[in-house]
C-alpha cells in the first residue's frame, strides 16, 4: 500500500469510484476528498432553503466511498438512502442521510465541523473537506446567451424547450464570490497528488476552480496534477465533446496549460450494444483525440488503461476503481 498525500476534487459517481480505488491502495489517512457543495435540487436543495445548510449529497457519497469495511458501507448506504417517501409533512421526500448530515452541521455549527463529526461517528480515517463554506448558486451561460441558474437546471438543461445541443456552455460562474475553505487550501498545499475525478464537467468538476483561492492553490502547489476524462458525454453539458474538448475547457478554468501533468483515459473496447443504448439517451462515447490533446497540453502525459466496466443490470458504464487508482498511483 502506497502513502501519497492525495486531494481529490469532484462530485457524484465519478468521485465515489475514484475514492473507492484510492482507499484500497493508498493509506486512507492520507486521502482528502473535496466534494461539490452547490447542489440545489431534491432533498439537498430543500434543506439548503429550509435550514440554511450547505448541500450534503456529494459529501455523503464521499463518506460512503471512504469506508474501508464493505459491511459498514452497505449498512450505511441503506441507511443514508432511506427516504421518507410516503410520510406527510416536512420530512416527505427527504433522505435520512441528508437529514443526519444537516443536523450534524447545525449541531456543530458549520459544514466542515459537521463533516468532521460524521467522519468520527462512522470511523472514517480519510478527510472530507468542503471547498468553500459560502452558500452559492451556480450559473451557466451559453454561446447564444442563454442563462441557466442553479446546478440542477444546468444538470437538466436538455429538458429545456429551448435546448440546442450545439449551443455549448461558454461561461460558468457563481452568483456571489465564493472564498476557499482554509482547510482545503491547507490540504492542497501539503499534497503530493491532486486529482480531478470524472463526472459532470460543468456541475461537478469545473466549479471547484471558480472558488477564490482554489485555482491559485493548485497552480502554486508542487503536487502532480491529474485529470480523469469521462467515458461518455453528458447530454446538456458536453454534447459532441471529444477528450480534447474536456481538456480545453478544464485548462481554461485552471489558467495554465503547463500545470496539468497527467490525463487519464480509457483504452479498452466498449461493446457496440452498450454504446447504442447510451446513444438512445443522447450520450456518446468520448473519443480520445490524442493529437489535439498534445497541442493543448504539451507538457501533459496521457495515461491509458483498460478501465471501463459495464454493469448490465443497472445499465451503467463506470471506471474500474482498482485500475483507475493503480494507474494514477503508478504514475505518481
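Which FRET efficiency value, to the nearest 0.05, do you get for residue 267 and residue 298 by plugging their Cβ-Cβ distance into 1/(1 + (r/R0)^6) with R0 = 22 Å? Display every interim value, and only then the final one.
On the way: r = 21 Å, r/R0 = 0.96.
The formula returns an efficiency of 0.55 here.
Would you kindly state how much longer the chain becomes between residue 144 and residue 29 on full extension, computed as 0.36 nm times their sequence separation minus their alpha carbon distance, in nm to one decimal? Show your work: numbers first, answer last.
Details: separation 115, 0.36 × 115 = 41.40 nm, distance 4.64 nm.
That works out to 36.8 nm of additional length.
With a 10 Å Cβ neighbour count serving as the proxy for reagent exposure, in which order, fewest first, do 84, 227 appear? The partial results should precede the final answer.
Numbers: 84 16, 227 25.
Ranked by crowding around the Cβ, least crowded first: 84, 227.
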Packing-wise, with mean Cβ within 10 Å as the measure, how do 164-170, 141-147 rank, highest first? 164-170, 141-147
Sorted from fewest to most neighbouring beta carbons within 10 Å, what does the list 24, 237 look like? 24, 237
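Return 79, 303, 194 ranked ascending by Cβ neighbour count within 10 Å, so the fewest neighbours appear first.
On the way: 79 12, 303 20, 194 23.
Neighbour counts put them in this order, fewest first: 79, 303, 194.
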Contour excess over end-to-end distance, with Cα ends at residue 190 and residue 72 and 0.36 nm allotted per residue: 39.5 nm
Rounded to the nearest 500, what is the 222 nm mean residue ellipticity of the chain from helices alone, with -39500 (n - 2.57) per DSSP H run of 4+ residues and division by all residues? -11000 deg cm²/dmol
Label-point separation (nm) for residue 212 and residue 163, each offset 7 Å from Cα along Cα-to-Cβ? 3.5 nm
Inter-probe distance in nm under a simple model that places probes 7 Å from Cα toward Cβ, at residue 256 and residue 289: 2.8 nm
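Using R₀ = 41 Å, calculate the FRET efficiency as 1/(1 + (r/R₀)^6) where r is the Cβ-Cβ separation of residue 121 and residue 220; round to 0.05.
Numbers: r = 34 Å, r/R0 = 0.84.
Efficiency at R0 = 41 Å is approximately 0.75.
Highest mean first, what order results for 183-189, 119-125 on Cβ atoms within 10 Å? Provide the component values of the computation, followed by the final result.
Details: 183-189: 19.4, 119-125: 14.4.
The densest-packed peptide leads the list: 183-189, 119-125.
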Estimated inter-spin distance, residue 3 and residue 240, nm [label 7 Å along Cα→Cβ]: 5.1 nm
If you take every DSSP beta bridge whose two residues both sit in the chain, what share of them, in percent to the nearest 5, is antiparallel? 40 percent
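Here, each number is a calculation from the coordinates, and none is a lab measurement. Just so you know, these numbers come straight off a predicted model, no measurement behind them. Neighbour counts are summed over all protein chains in view; Cβ atoms, including those assigned to glycine, are modelled from backbone coordinates with ideal geometry.
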